[in-house]
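> Take this structure first; my questions come after.
The values are calculated or read from the model by the stated rules, or taken from the named source; none is laboratory data. Here the structure is a predicted model, which is why all the values come from computation and not from measurement. We place every Cβ from the backbone using ideal geometry, glycine too, and count neighbours over all the protein chains shown.
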């Protein structure tokens, strides 16, 4: 599996689009990790004499209503937005794989119960699910993470279940069952390792969707609270100055769009490199 | 056959809507904060408070409250908005037309343009056209809709002055919201149309049609597009939920009245009856959309009908 994943990532980087998108993602990750030390200006200190300054030198992306450097806040926002989305999707992926694997392997009433709930949430728009949840547990970064995790749970459960149901029919699994292996052994050693590649690729694509959802919740003022910079929260406070300082909204949104595009392109390259398009069908 | 299938699907909606109503009821009652707090004036006595609680039935058990709520909903009464102090059914009736107009227009716009774009990219066999449509498809699914809405306001309302910034007084105020919601939809419909067309064009009967000497346009309009309709209809029906989700955001940004902005405002004010009513209406719309999609699919494809009846 490791070797397969490595060769897949390697081959994904070998295509021009994969190299560009993968390179961008790596740079963004590096910025997110080192943001507290490399931002050109402090992200919270206010400089009211320089408020709403247009992009130029030394503020390449301009300043916001409090005179804070937009570029620095976008860099720091990468830290917030990426970690929120990645944590939420990671959590969602683990729970979804467990639920989907159990449903697909054991079948019966358990499968029907899980899939009924999953299909119900599946038909609902993510933003409505997320709004409902954040309304219950209150705004903030942790409830944003929870809302993103729940909103995408159905996707991972469906995909994993479909994989397991298909794999269960393979001869080598039947052989393992006949040799007397326990369900836990079959699931953890044989079924899940074979089902994991498509789930991981879909998970990577979902991180992009999670970034959009985080930005949308942040925009409604339900995500990161001031003064923590996140891409969505920046745009939320920027709406009041939309006509006066449009750059406060344009740049964070642009970075969100470019990031999600890069994630999609790299995901596509990975799907091609791992040759799993067929397995992603119908989910 | 198709009538039986439709009736079956309609019957299945009853348990589903009941469970959704339970979920919505519970979710709303778990919301933190007490709506009565918003109604109390400074200095009002505990007795006033109690009277208010009794008036809105908030002193009863959850089960009793749920049954009362369901009974009144079935008779068309969604209760009274606690903060806005008006019947919720009035509020919904007032806001629903705005959302329906916006949704229907965005739906029509994205379906028509999406199918045309998908067909062009599948038929043109021109790498440039194909790449442009592909790029557009990618943009449509990756650009956050509220950001797109803000950019449109900046460009078309502020800079060019073609359309109003917000509100719903004139029909021109509809243009930007429809474009914003439709944008993501176009991409999706185009992609599905394209994939379906390319796949069908590879099949043997199409080779036969070519061999018989039919013109390319006859093959496209009489044979390929009708087949491609099936997946497109399915995806379009599922899109109804999407469009509603998009409408929530877009109504908020453009300051339009509608179910979405009503819901967001009510969430902020903890106005239980309004939130319940809005969520229920949105859920119903999503379910109806899925139903229409399934029925249309069954009507177009006998295999689906036989598998389920």
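> What residue, among those in region B:24-44 that are at pLDDT 75 or above and crowded, with 16+ Cβ neighbours inside 10 Å, is farthest from the chain's Cα centre (by Cα)?
In this case the residue turns out to be B:25.
> Which of the following residues is on the phi < 0 side of the Ramachandran plot and surrounded by fewer than 18 Cβ atoms within 10 Å (Cβ to Cβ): A:137, A:148?
A:137
> Which numbered condition trips up residue B:273, out of (1) more than 22 Å from residue B:73 (Cα to Cα); (2) more than 14 Å from the chain's Cα centre (by Cα)?
Going through (1) more than 22 Å from residue B:73 (Cα to Cα); (2) more than 14 Å from the chain's Cα centre (by Cα) one by one, residue B:273 breaks only (1).
> Step by step: first the residues of region A:204-228, then only those that are modelled with pLDDT of 85 or more and away from every other protein chain (no Cβ under 11 Å), then the one that is nearest to the chain's Cα centre (by Cα). Which residue is that?
By that ranking, first place goes to A:207.
> Given A:67, A:62, which one is crowded, with 17+ Cβ neighbours inside 10 Å, without any contact (Cβ under 8 Å) to a residue 60 or more places away in the chain and on the phi > 0 side of the Ramachandran plot?
A:67
> When the residues of region B:156-171 are filtered to those that are within 28 Å of the chain's Cα centre (by Cα) and within 10 Å of chain A (Cβ to nearest Cβ), which remaining residue is surrounded by the most Cβ atoms within 10 Å (Cβ to Cβ)? Full working, then the answer.
Residues of region B:156-171 within 28 Å of the chain's Cα centre (by Cα): B:156-157, B:162-171.
Among the residues that remain, those that are also within 10 Å of chain A (Cβ to nearest Cβ) are: B:157, B:165.
Details: B:157: 19, B:165: 16.
The residue in question is B:157.
> Among (1) part of a helix (DSSP H, G or I); (2) modelled with pLDDT of 80 or more; (3) within 11 Å of chain B (Cβ to nearest Cβ); (4) surrounded by 19 or more Cβ atoms within 10 Å (Cβ to Cβ), where does residue A:238 come up short?
All conditions pass for residue A:238, except number (2).
> Next question. Quick test for you: out of A:146, A:66, A:124, pick the one residue that is closer than 24 Å to residue A:252 by Cα and not in a helix (DSSP H, G or I).
A:66
> From the list B:289, B:258, exactly one residue is away from every other protein chain (no Cβ under 12 Å) and at pLDDT 75 or above. Which is it? Let's see the steps before the verdict.
Numbers: B:289 fails: away from every other protein chain (no Cβ under 12 Å).
The unique qualifying residue is B:258.
> Within the group A:58, A:36, which residue is out of contact with any strand residue (DSSP E or B) (no Cβ under 6 Å at 6 or more places or on another chain) and not in a helix (DSSP H, G or I)?
A:58
> Of the residues in region B:241-255, how many are touching a residue at least 40 places away in the same chain (Cβ under 8 Å) and within 9 Å of chain A (Cβ to nearest Cβ)?
Residues of region B:241-255 touching a residue at least 40 places away in the same chain (Cβ under 8 Å): B:241-244, B:246-247, B:249-255.
Now restrict to residues that are within 9 Å of chain A (Cβ to nearest Cβ): B:241-244, B:246, B:249, B:252-253.
Adding up the residues that qualify gives 8.
> Of these, A:67, A:22, which one is more than 28 Å from residue A:148 (Cβ to Cβ) and at pLDDT below 90?
Only one candidate passes the filter, namely A:67.
> Is it the case, given these coordinates, that residue A:257 is within 9 Å of chain B (Cβ to nearest Cβ), under 15 Å from the mean Cα position of the chain (by Cα), part of a helix (DSSP H, G or I) and free of Cβ contacts under 8 Å to residues at least 40 places away in the same chain? Before the answer, list the steps.
Details: within 9 Å of chain B (Cβ to nearest Cβ): yes; under 15 Å from the mean Cα position of the chain (by Cα): yes; part of a helix (DSSP H, G or I): yes; free of Cβ contacts under 8 Å to residues at least 40 places away in the same chain: yes.
Against the criterion (within 9 Å of chain B (Cβ to nearest Cβ), under 15 Å from the mean Cα position of the chain (by Cα), part of a helix (DSSP H, G or I) and free of Cβ contacts under 8 Å to residues at least 40 places away in the same chain), residue A:257 qualifies.
> Within region B:124-144, can you find the residues that are more than 8 Å from chain A (Cβ to nearest Cβ), assigned to a helix (DSSP H, G or I) and either closer than 23 Å to residue A:213 by Cα or without any contact (Cβ under 8 Å) to a residue 40 or more places away in the chain (or both)?
Answer for region B:124-144, where residues must be more than 8 Å from chain A (Cβ to nearest Cβ), assigned to a helix (DSSP H, G or I) and either closer than 23 Å to residue A:213 by Cα or without any contact (Cβ under 8 Å) to a residue 40 or more places away in the chain (or both): B:127, B:128, B:129, B:130, B:131, B:132, B:134, B:135, B:136, B:137, B:140.
> Count, please, the residues in region B:112-123 that happen to be farther than 17 Å from residue B:217 by Cβ and either surrounded by fewer than 21 Cβ atoms within 10 Å (Cβ to Cβ) or free of Cβ contacts under 8 Å to residues at least 12 places away in the same chain (or both).
Final tally of qualifying residues: 2.
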